[in-house]
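To start, the structure itself, in structure tokens.
All of the numbers you see were taken from the coordinates with simple rules; none came from a lab. These figures come from a predicted structure and were not determined experimentally. Note that each Cβ is placed from the backbone with ideal geometry, even for glycine, and that neighbours are counted across all protein chains shown.
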Amino acid sequence: MNELGKIALHAGDTAAARQYFQAAASGQGEVSQQARQAFVRLDIGENPGTYIQSRPFLESGGRLFAQLRNATQLDLQNVVVDFGAVTVDGTARQTRVLRILPAGASVNVDSGIVLQDARQQVQVRIREAQVR
């Protein structure tokens, strides 16, 4: 399946390549790991939130942060994080770009938004990411 994925990718059929790599990734061993990484490379552009876990939190001063964790074995770059929060003044939105997020690493990203009440609605969304 991994080899069929490589052939499909070389032929420009990314949809078939994804299917082959996904099937090959379910096994054990080095070939399955290669297939998992190939699948992530193809899929991360459309589904970055699947591979980067995010958890919003407030620091003691009410500043909104997101803890991000790269759940892949690949270094990622240009990770775009969208923040949103309902505040007393309306809706606050910010976007932050993380240049590099190493494989397996966790980082805290500051949104720049300060909330008055911890019960306010917040949202963190990973909009984009690329394999480095």
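Expected output is a single nm value to one decimal: the length gained when fully extending between ALA71 and ARG127, i.e. 0.36 nm times separation in residues minus the C-alpha distance. What is it? Before the final figure, lay out each step's value.
Details: separation 56, 0.36 × 56 = 20.16 nm, distance 1.58 nm.
Between ALA71 and ARG127, full extension yields an extra 18.6 nm.
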If the only charges are +1 at each Lys and Arg Cβ and -1 at each Asp and Glu Cβ, what is the size of the charge dipole of the chain around the Cα centre, to the nearest 20 debye?
120
Express in whole angstrom the spacing between the alpha-carbon centres of the stretch 109-127 and the stretch 64-80.
17
GNM flexibility winner over the chain from SER60, SER26, SER106 (Cα, springs under 10 Å):
SER60
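May I ask for the longest run of the chain untouched by GluC sites (Glu not before Pro) that are loop-located per DSSP and have at most 12 neighbouring C-beta atoms (other than their own) within 10 Å? Display every interim value, and only then the final one.
Details: sites that count: GLU46, GLU59.
Counting only loop sites that pass the neighbour cut-off, the longest clear stretch is 60-132.
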So what are the three principal axis dimensions of the stretch 1-56 from its Cα atoms, in whole Å, longest to shortest?
41, 26, 12
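What is the ratio of the Cα radius of gyration of the stretch 52-109 to 2.2 N^0.38 Å, where N is its residue count, to two decimals? Don't skip to the answer; put the middle values down first.
Values: Rg = 12.7 Å, N = 58, 2.2 N^0.38 = 10.3 Å.
So the Cα radius of gyration is 1.23 times the expected 2.2 N^0.38 Å.
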Most mobile of ASP13, ASP43, ASP89 per a Gaussian network model of the chain (Cα springs, under 10 Å)?
ASP89
Compute a Gaussian network model of the chain, connecting alpha carbons closer than 10 Å, and tell me which residue from LEU76, LEU58, LEU42 fluctuates the most.
LEU58
At 1.002 mPa s and 20 °C, Stokes D of the chain from Kirkwood alpha-carbon radius, µm² per second:
133
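If you take the alpha carbon radius of gyration of the stretch 29-82 and divide it by 2.2 N^0.38 Å, what ratio comes out, to two decimals?
Values: Rg = 14.3 Å, N = 54, 2.2 N^0.38 = 10.0 Å.
Rg over 2.2 N^0.38 Å, computed on Cα atoms: 1.43.
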